[in-house]
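As structure tokens, the structure follows; a few thoughts come after it.
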Amino acid sequence: MTTTQPNGSSGTKVTDEKLLPALRTQKNYRRWLFADTSALLSGGIYGFIFPLILLATTHSPVLAGMLASIGMAARASVILAGGAMADRTDKARMIVIGSLCGATITAALALGMSFGSLPVPLMCLAHVLMELRGGFFGSTTNAALKDLVHPKQLGRAMAANQGRDSVLMLGSAPLGGALLGLGGGIALLTVSALNLIAAASGFALRRPLRAAQQSLQESNGAPEEKVAHGILAGMRWCFSRPQLRALLVLITVVNIGVNGLMTTLIYGLEQRSEEPWVIGLTSTCMGVGMLIGSLAAAWLIERFRSGLLACTCLTLLGVAMLLIGFNTNLLWMGSMLLLSFLSVPALNAAIGGYFMACVPHDMSGRANSLITFMALAALPMAPLVTGFGMEWVGMGPTLIFFGALVSLAAILAWLSSQVRGIPRPEQWGPAAASTQPEPPDLTDSQPSHTPDVRTE
């Protein structure tokens, strides 16, 4: 079988992956990695510090949870439109505009905090704008990866991203805690600077991305479609595939549980008057688990069927998360977090890799945005449940609730033949997820409301 080069040109054919240059030697991939890493680091720091700033300002977990829920709802409302736009416009321009918007908003927040405490309504407005920006532009970099990397190297690129994500998880929360200790304004200025770096890297990608998109348009010869039509086409394509539909439901449930557990930990430790750097160590434990797990992820994926591997990883994640709430000692919670996230790299690589392999090239933006939308659609419930749970029953029982939710997702995965039947990577492709009649299964018995665990 022959495939085209990453830049979308059909003039050069490659039949052997060994003939392709290593990813680290490809200039376009390095630029993409720099842009994506800068954006993810800025998002990681912002996601850690802003809930603490809100909680310190409002002194109410319920109010802080409600504000966070509003932000998540705002993000979810524009994700699908952003993914459709990424498929029909200049991806480099979207990366630049999104990064510049993030830099401007966080710089304005930092400037306001330097003159004193910001009013809660103004902070809420700024947070909603940041979430709208993240929702609309957030899927662009993932969609751009398929334009820049040869199809035979997508799996390797995703494995490298898992290791990168682990390092970022190790560093972003402690770095955010240290910056917050210096002041909220300094922390937000750092986020703004990282967004500027991402914008510069996106600008450097404008030529290769435009060349890839032009080549794709010439090969398809299709007129430009409206955003609304693009959204519906992407949703119809994904939900008509039984395995992809089942995976989308699992992604939703797992992300509610993981996000709720992490929000509960942040709020609970802050209410116990723990230092910001101590709170940041919770994410460090997650990062250590992911880093160790990423070392074995490629080996596991090559030797086990992806469906069985995903079910096993979900089981480990759910059981370890369930155990966290039975003891709120810092050492115990850190150990269980590390154990639970050992399985996340292999889980993300199996589910995310299969999904990407099945998606057509001209739907990468819409498919990535749909995954993110399903992960975020019900997430506004997580901080809201966290706020009420913290006030009514305390941190421990609230942690147990979210751990039980992930355990339920693991049980559903084992019961679903569509999930268990996902083949090995060499059998991934559109044919594996093609439409076919299927017996009542996970998606027939579960409502469609929630790694990439999207530990995107």
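The values are calculated or read from the model by the stated rules, or taken from the named source; none is laboratory data. All figures in this text were calculated on a predicted structure; none of them were measured in a lab. No Cβ is skipped: glycine too gets one built from the backbone with ideal geometry, and neighbour counts run over all protein chains shown.
Could you tell me whether any residue of the range 330-345 is within 30 Å of E426 (Cα to Cα), within 15 Å of the chain's Cα centre (by Cα) and assigned to a helix (DSSP H, G or I)?
Residues of the range 330-345 within 30 Å of E426 (Cα to Cα): 339-345.
Right, trim to within 15 Å of the chain's Cα centre (by Cα) and you get 341, 344-345.
Then drop every residue that is not assigned to a helix (DSSP H, G or I), which leaves 344-345.
Yes, the range 330-345 contains a residue that is within 30 Å of E426 (Cα to Cα), within 15 Å of the chain's Cα centre (by Cα) and assigned to a helix (DSSP H, G or I).
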Reported set for the range 1-48 where residues are of a type in the set (G, A, S), modelled with pLDDT under 70 and surrounded by 15 or more Cβ atoms within 10 Å (Cβ to Cβ) is G8
Out of curiosity, is I292 modelled with pLDDT of 85 or more and under 22 Å from L55 (Cβ atoms)? no
Identify the single condition in (1) on the phi < 0 side of the Ramachandran plot; (2) at pLDDT below 85 that V253 does not satisfy, given that it satisfies every other one. (2)
Residues located in the range 354-413, provided they are within 29 Å of R133 (Cα to Cα) and outside any helix (DSSP H, G or I): V359, P360, A377, A378, L379, P380
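Surrounded by fewer than 23 Cβ atoms within 10 Å (Cβ to Cβ), closer than 26 Å to Y46 by Cβ and either within 22 Å of the chain's Cα centre (by Cα) or basic (K, R) (or both): which single residue out of T284, T315 fits that description? Please lay out each step first, then the result.
Numbers: T315 fails: closer than 26 Å to Y46 by Cβ.
Of the residues listed, the single one that is surrounded by fewer than 23 Cβ atoms within 10 Å (Cβ to Cβ), closer than 26 Å to Y46 by Cβ and either within 22 Å of the chain's Cα centre (by Cα) or basic (K, R) (or both) is T284.
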Among all residue pairs at least 6 apart or on different chains, which show Cβ distances below 7 Å where the first residue, located in the range 156-179, is under 14 Å from G43 (Cβ atoms) and charged (D, E, K, R) and the second is at pLDDT 75 or above and assigned to a helix (DSSP H, G or I)? R164/T37; D165/M290
Filtered residues of the range 133-143 (kept if hydrophobic (A, V, I, L, M, F, W, C) and either modelled with pLDDT of 80 or more or surrounded by fewer than 24 Cβ atoms within 10 Å (Cβ to Cβ) (or both)): F136, F137
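What number of residues within the range 86-120 satisfy the criterion of being modelled with pLDDT under 85, closer than 27 Å to N142 by Cβ and part of a helix (DSSP H, G or I)?
Step one: of the range 86-120, the residues modelled with pLDDT under 85 are 86-92, 112-120.
Then keep just the ones that are closer than 27 Å to N142 by Cβ; that gives 86-92.
Subsequent filtering for residues that are part of a helix (DSSP H, G or I) retains 86-88, 91-92.
Matching residues across the range 86-120 total 5.
Conditions (1) modelled with pLDDT under 85; (2) outside any helix (DSSP H, G or I), marked per residue:
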position	(1), (2)
V278	yes, no
L281	yes, no
A297	yes, no
L317	no, no
A320	no, no
F326	no, yes
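Which one of these is buried (at least 19 other Cβ atoms within 10 Å of the Cβ), among the aliphatic types (A, V, I, L, M) and either under 20 Å from the mean Cα position of the chain (by Cα) or more than 29 Å from G289 (Cα to Cα) (or both): A157, A73? Steps first, answer last, please.
Numbers: A73 fails: buried (at least 19 other Cβ atoms within 10 Å of the Cβ).
When all the criteria are applied, what remains is A157.
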Going residue by residue through the range 415-426, is there one that turns out to be of a type in the set (G, A, S), in a helix (DSSP H, G or I) and modelled with pLDDT of 90 or more? no
Output the residues belonging to the range 144-158 that are in contact with a Gly (Cβ under 9 Å, 6 or more places away or on another chain), small (G, A, S) and at pLDDT 70 or above. A144
